[in-house]
Structure formats: C-alpha cells, structure tokens
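**Student:** Have a look at this one before I ask anything.
The values are calculated or read from the model by the stated rules, or taken from the named source; none is laboratory data. Source: prediction; values computed, not measured. Positions of Cβ are backbone-derived with ideal geometry, glycine not excepted, and every protein chain shown enters the neighbour counts. Side chains included, ligands, DNA and RNA excluded: accessible areas come from the protein's heavy atoms. Shrake-Rupley method; radii C 1.70, N 1.55, O 1.52, S 1.80 Å.
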Amino acid sequence: MTQLHGVAIRNVSGLLVVALALGAAPSLKHATAPVQITVKLSEWKVALSETTVPAGTVTFSITNAGSIPHGFEVEGRGIEKEIAVIQPGASDTLTLTLEPATYEVYCPVGEDSHKKLGMETHLKVLGARSSGSSGYGESAMSETHEARATVQSIRVTGSGPVIQILPGPFPFPDSAAPILKQFGDEREGLESQVKDGPYSNNVVPSAGTFSFTAWDKGAVRDSVDGLAEFTTQDGARWKLVLDRVQTKDVPHHPRFGGVILGLYYHGVTQVHTPLVPTINSAVALWAFGHLYKNDQLVTDNAMVHVMLLSRTRRDGDFALACWDCSKNKIEELQLQILPGPGEPKLAAPGGFLFLNWEKSSSRKAS
Ligand SMILES: [Cu+2]
C-alpha cells in the first residue's frame, strides 16, 4: 500500500515539475522544488527511491541499512562528492546541484570493493525540457548495455613452491578480534577458526599443478574451467575438476556472482573472513567441483574457493607474514576445498584441503 501511495505522489510531483519547467524561462530551469531521493545502503546494494530526476538541487537522504559501515558517492559531469562513512543504522544527507547527465552512485568503501560487489547504481538527471522520452535517455541506456556485455576473463597458472596448509591457530587474533565482533551469526564459526582454522602457520611441502580460466560475465553468467592435481602429506593423490561457479551469497561472504576480478578484501575490510590478512586479488571465485582421491570419486559437489592474491606467506617457512598484505605482489594462488553442503568432512587434517602455489601468474584469457 505504502509503495503504491509513494508512486502516485511521485507521478503527481513529476507532472508538476514538467508543467513548471515548460512555463519557465530557460535560465530558471533550476528553480524547481528540490528533489528528495531516499538512499538505502546494504550488503551489497545501493537502492535509490528515484533513478530519474529533473536537473537542479537534489537532496539524498542516506541510511545504512546494512551490518557494516558504508559510504556514498556521486560522480559524473565533473562532480565527485562523497559523505563520511556511515555506521550501520545511521543516516546522513548530501545535497548537490546536478546538471543533466547520468551519474554514477556508489559506495566507495574498500578501494571500490563494495562497488564491485554490487553497491553501484546510476542516477539519470534530465534537462527540464527533455523529460519524457528524449534521445538522451536512449543513448545512456545503450552505453550501459555495452558495458555489461564486456566479458572479462583471466587465465591463472600455479607455480613455485607448493604447500599444504594444515589446521592451526590464526597468527593475528588480536587484529582480527574487533572485526569478528561485527560478524553476527557467522561469528561463532569464525571464532573456532581463530583457534584451529585453515589460516595457520602449520604448513608442509606438497607437489602438484593447478591452472584455470575464469570469466566474469555479470551476476549469474560467470563461469570457470580448471584442473588441479596434487599430492598431500599423507601420500594421497587428489584431482579436482572445476565444474561451475557458486553464486549464493551469505551476508559477509558475497559469492560475487561466482567470479570477481580485482578485489580488495579480507582482513580489515569486513568482506569475507577477517582470518585471512588484508589482500588484493587478481581473481577470486567460488565454485563447485568434482573431487577424486586416488582416482576414486569423493564428491561431485566439492565447495571450492580460489584466489590469486597478494603474497601473504614468507619464503622459507611460509608462515603468514603480514596482517595487511595488500601492497605485496599478487602471486600467491590459493585453493581451498571443502565438502559439499551436508556432506561428511574430507579425509584430510581438519576435514579440508588447502594448498598454495606460491609464485603464480595470470594473463588475460580469450
Ligand atoms: Cu559499502
């Protein structure tokens, strides 16, 4: 009901704006009543109450309805304005005078990581005389189409020393603690991983190969193709055939539509677990795979997390070397394999497989 009511009011005020504009001299085109836009920020969306407004003064009333801090920025036509980061549950306003153009509206937190995770939308500001179906609107629309059609892809090859990471304590518990507090329902599971999780200094040498190609095609069409073959410290031979990407999100663990290129996350960022140092990644993905042990099928639903990321481990003993590793060279290739939903733990220490190829590389794929 409220929704319908809102639409009706908007239509009426929209008509009033057009009527005033037609009657006014061109120099008075900004003299219309200020436009109010309600903005709701959440993981991982920026929702605007209006996406097309007339030129002039626009006041954004911004609420952070999410569970982590977010920001708000409007960019376009020479304007680049942002508010201070707002805490969950808090609100702020931003008033701008906007000329006709299409503006990018997004959350700038985390070196644009939140933007890449979906916190981005557009606001179309129309000239007072060109409201309605002008050619302007159509050209803006086709631009958006072209941008979405661009497929990005990456080919990653694992090389250098291969290590298997065994369960153990996380080496930076004090740094992770304040961030863990904000993880709500996910906190309990993560706290047990602080004591005995996969992000430990307990590593053993391994051997094997891993390469894959990933395609970033938007929310639901991402795909992946790859093969890993390796031997664990118990002598078992494992083979993983990547099958398809996972897209289902949980609040702090966006699956990125499966594949994401160029993300700054983990650690201090509140995106994914803070039990991995803060890093940049060339590619990160979640996928399902077929897992074999000594040539026997273990599962067709292995849950796989892959990242080509900033180096986090030091040469020699491969201990985690930094809480913030985001400035390090991107060359560590991580492969984590967990059982499928509802399936028993894998026959490996801790019930998971976690391998790193320490000096890996990537190139653009075709
Ligand atoms: Cu944000």
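**Student:** Of the listed pairs Lys124/Lys329; Lys293/Lys364; Lys116/Lys345; Lys181/Lys248; Lys115/Lys181; Lys181/Lys293, which have alpha-carbon separations greater than 29 Å here? Don't skip to the end; give the middle numbers.
**Tutor:** Values: Lys124/Lys329 39 Å; Lys293/Lys364 31 Å; Lys116/Lys345 33 Å; Lys181/Lys248 23 Å; Lys115/Lys181 24 Å; Lys181/Lys293 38 Å.
Over 29 Å apart, Cα to Cα: Lys124/Lys329; Lys293/Lys364; Lys116/Lys345; Lys181/Lys293.
**Student:** Hey, another quick one. So how exposed is Ser192, as accessible area in Å² (1.4 Å probe, rounded to 10)?
**Tutor:** Result for Ser192: roughly 70 Å² accessible.
**Student:** What shape does the stretch 279-366 have by the C-alpha gyration tensor, where a ≥ b ≥ c are the square roots of the eigenvalues, rounded means a/c under 1.5, and otherwise prolate means a/b greater than b/c and oblate the rest? Don't skip to the end; give the middle numbers.
**Tutor:** On the way: a/c = 2.30, a/b = 1.65, b/c = 1.40.
Prolate is the answer for the stretch 279-366, as a/c is 1.5 or above and a/b outweighs b/c.
**Student:** With every protein chain left in place and a probe of 1.4 Å, what is the accessible surface of Trp215, to the nearest 10 Å²?
**Tutor:** So the heavy atoms of Trp215 present about 60 Å² to solvent.
**Student:** Please report, as a whole percent, how much of the solvent-accessible surface of the stretch 215-296 comes from carbon and sulfur atoms (probe radius 1.4 Å). Don't skip to the end; give the middle numbers.
**Tutor:** Details: 1460 of 3030 Å².
The C+S portion of the solvent-accessible surface of the stretch 215-296 is 48 percent.
**Student:** Suppose accessible area is computed on protein heavy atoms with a 1.4 Å probe; arrange Lys40, Lys293, Lys345 from highest to lowest.
**Tutor:** Details: Lys40 115, Lys293 55, Lys345 155 Å².
The most accessible residue leads, giving Lys345, Lys40, Lys293.
**Student:** Put Cys322, Cys107 in order of accessible area, largest first, 1.4 Å probe: what do you get?
**Tutor:** Details: Cys322 25, Cys107 0 Å².
Output order, biggest surface exposure first: Cys322, Cys107.
**Student:** Write down the accessible area per residue of the stretch 231-307 in Å², having rolled a 1.4 Å probe over the full set of protein chains.
**Tutor:** Details: 2530 Å² over 77 residues.
Accessible area per residue: 33 Å².
**Student:** Still on this model: If I model a spin label at Glu82 and Glu186 as a point 7 Å from the Cα along the Cα→Cβ vector, what separation in nanometres do I get?
**Tutor:** Taking the simple label geometry, Glu82 and Glu186 are separated by 2.2 nm.
**Student:** Tell me whether the stretch 315-366 comes out rounded, prolate or oblate; compute the Cα gyration tensor, take square roots of the eigenvalues as a ≥ b ≥ c, and use a/c under 1.5 as the rounded threshold. Don't skip to the end; give the middle numbers.
**Tutor:** Numbers: a/c = 2.52, a/b = 1.50, b/c = 1.67.
Oblate, because a/c is 1.5 or more while a/b does not exceed b/c.
**Student:** How big, in percent, is the set of alpha carbon pairs in the stretch 51-100 lying more than 19 Å apart?
**Tutor:** Values: 370 of 1225 pairs.
Value for the stretch 51-100 (Cα pairs over 19 Å): 30 percent.
**Student:** Taking 2.2 N^0.38 Å as the expected size of a compact globular protein, what ratio does the Cα radius of gyration of the stretch 155-205 give against it, to two decimals? Mind showing how you got there, number by number?
**Tutor:** On the way: Rg = 13.9 Å, N = 51, 2.2 N^0.38 = 9.8 Å.
Cα Rg divided by the expected 2.2 N^0.38 Å: 1.41.
**Student:** Related question: With label points built 7 Å along Cα→Cβ from the Cα atoms of Asp196 and Lys124, find their separation and express it in nm.
**Tutor:** For Asp196 paired with Lys124, the spin-label model returns 5.8 nm.
**Student:** Sorted by accessible area with a 1.4 angstrom probe, largest first, how do Asp196, Asp222, Asp92 fall? Please report the intermediate quantities before stating the final value.
**Tutor:** Values: Asp196 100, Asp222 15, Asp92 55 Å².
Result, largest first: Asp196, Asp92, Asp222.
**Student:** Turning to a different aspect of this structure: Measuring from label point to label point, each 7 Å out along Cα→Cβ, what is the Glu343 to Ala33 span in nm?
**Tutor:** For Glu343 paired with Ala33, the spin-label model returns 6.0 nm.
**Student:** Something else: For Ser67, list long-range residues whose amide hydrogen, built 1.01 Å from N in the peptide plane, is under 5 Å from its own amide hydrogen.
**Tutor:** Glu43
**Student:** Another question, if that's okay. Given the whole protein assembly as supplied and a 1.4 Å probe, what does the accessible area of Thr213 come to in Å², nearest 10?
**Tutor:** 10
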